[in-house]
Amino acid sequence: MKKAADIPIEIIHDDGTRTVVGVAQDVQLVKDGDEDIIKVSGMLRYGGTSENVEFTKDVITNVILNGIGITK
């Protein structure tokens, strides 16, 4: 297993600019038989909400809504 922490989650636009949309607080590369699985826990801050989202095997396994941003 390999680990990393506090990695920015970015959208890369067609013109090469980047927008940070969250932070992966914990990233793990896990061997599962013949498969490599990337397990990510972190926060997304884009689109007016802040969530903690957990993925396992490309499937969202848990979401906790932390906040909602409102603009006028």
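The values are calculated or read from the model by the stated rules, or taken from the named source; none is laboratory data. This structure is a prediction, so every number in the text was calculated from the model and none was measured. When we count neighbours, we look across all protein chains shown, and the Cβ atoms used for this are built from the backbone with ideal geometry, even at glycine.
Do we have LYS31 as on the phi > 0 side of the Ramachandran plot and free of Cβ contacts under 8 Å to residues at least 60 places away in the same chain here? Considered against the rule, which asks whether it is on the phi > 0 side of the Ramachandran plot and free of Cβ contacts under 8 Å to residues at least 60 places away in the same chain, LYS31 comes out as no.
Got a sec? Which of GLY33, GLY47 is loosely packed, with under 14 Cβ neighbours inside 10 Å and either at pLDDT 85 or above or farther than 21 Å from GLY67 by Cα (or both)? Answer to the check: GLY33.
Restricting the stretch 20-30 to residues that are β-branched (Val, Ile, Thr) and at pLDDT 85 or above leaves a set whose member that is surrounded by the most Cβ atoms within 10 Å (Cβ to Cβ) is VAL27.
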